[in-house]
């Protein structure tokens, strides 16, 4: 089986490298499964911190969801049990912090992956775009909450509505990045940050991480509101716009959305 996620352990720190540059590290089902399995393995080894990265000097950290694997019209495109959603949960469930070390552009679902990580460190080449509206894709509520929790509702709205890339300096100022570091120094900085975290009580850090998660998910929503969200999303993924968005992407042209 092709190794789409490389595993390494450095000084007790788990390092995962996205390893499909030919596909710009697209979040295919198999890559996401390997990412989840790698984090599970690191968890069994009780590694206190994991670093998620692309190859050194990558132009694209990840192109996001593998569009060729999206389901056709009338099917939920981002279901709870999809490998990509499972990969996000594996980051949240990991008993220690997961640090995203980002070089290059980050697109679509990969931006969700980056903001789901506990900490993000990027260099001057990093940029972030969440692009579902470019393909008529109804993003899911849990993904939208990842952005609200990370950057606040105002910035999240702009990112989703425009689908335009947020460049490194603004990404740092709005909170996508915890640190903006030069490409020459980013690897040493990230590993030093990981070592600093690892020097603390792993049990205490793990419990604090879980408290952050519980508190960030403490928004109340009524059953009626949840059902309305699901109905709104079905309206989009059953639409001709959704079919046109996927078709246009595969044909490498601009979509012609009709709004129905």
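Side notes on the structure shown:
Here's the yes/no breakdown for (1) at pLDDT below 95; (2) more than 23 Å from residue 234 (Cα to Cα):
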position	(1), (2)
70	yes, no
73	yes, no
90	no, yes
102	no, yes
112	no, no
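- Any hit, region 216-223, residues being surrounded by 11 or more Cβ atoms within 10 Å (Cβ to Cβ), out of contact with any strand residue (DSSP E or B) (no Cβ under 9 Å at 6 or more places or on another chain), in a helix (DSSP H, G or I) and modelled with pLDDT under 95: yes
- Residue 206 being within 24 Å of the chain's Cα centre (by Cα) and outside any helix (DSSP H, G or I): no
- Of all the criteria given as (1) touching a residue at least 12 places away in the same chain (Cβ under 8 Å); (2) assigned to a loop (DSSP other than H, G, I, E, B); (3) more than 24 Å from the chain's Cα centre (by Cα), the one not satisfied by residue 176 is (3).
- Just one of the listed residues (96, 64) is crowded, with 21+ Cβ neighbours inside 10 Å, closer than 27 Å to residue 178 by Cα and over 15 Å from the mean Cα position of the chain (by Cα), and it is 96.
- Of all residues making up region 131-141, the number that are within 29 Å of residue 55 (Cβ to Cβ) and either in contact with a strand residue (DSSP E or B) (Cβ under 8 Å, 6 or more places away or on another chain) or not in a loop (DSSP other than H, G, I, E, B) (or both): 4
- Residue in region 105-117 that is in a loop (DSSP other than H, G, I, E, B), within 11 Å of the chain's Cα centre (by Cα), in contact (Cβ under 8 Å) with a residue 60 or more places away in the chain and within 16 Å of residue 216 (Cβ to Cβ) present: yes
- Residue within region 229-250 that is surrounded by 10 or more Cβ atoms within 10 Å (Cβ to Cβ) and closer than 30 Å to residue 95 by Cβ present: no
- Pairs meeting the criteria (first residue in region 133-145 and free of Cβ contacts under 8 Å to residues at least 40 places away in the same chain and on the phi < 0 side of the Ramachandran plot, second residue surrounded by fewer than 21 Cβ atoms within 10 Å (Cβ to Cβ) and not in a helix (DSSP H, G or I), beta carbons under 7 Å, at least 6 apart or on different chains) are 133/163.
- Filter pass, residue 135 being touching a helix residue (DSSP H, G or I) at 6+ places or on another chain (Cβ under 7 Å) and surrounded by 23 or more Cβ atoms within 10 Å (Cβ to Cβ): no
The values are calculated or read from the model by the stated rules, or taken from the named source; none is laboratory data. None of the values given here were measured: they were computed from a predicted structure. No Cβ is skipped: glycine too gets one built from the backbone with ideal geometry, and neighbour counts run over all protein chains shown.
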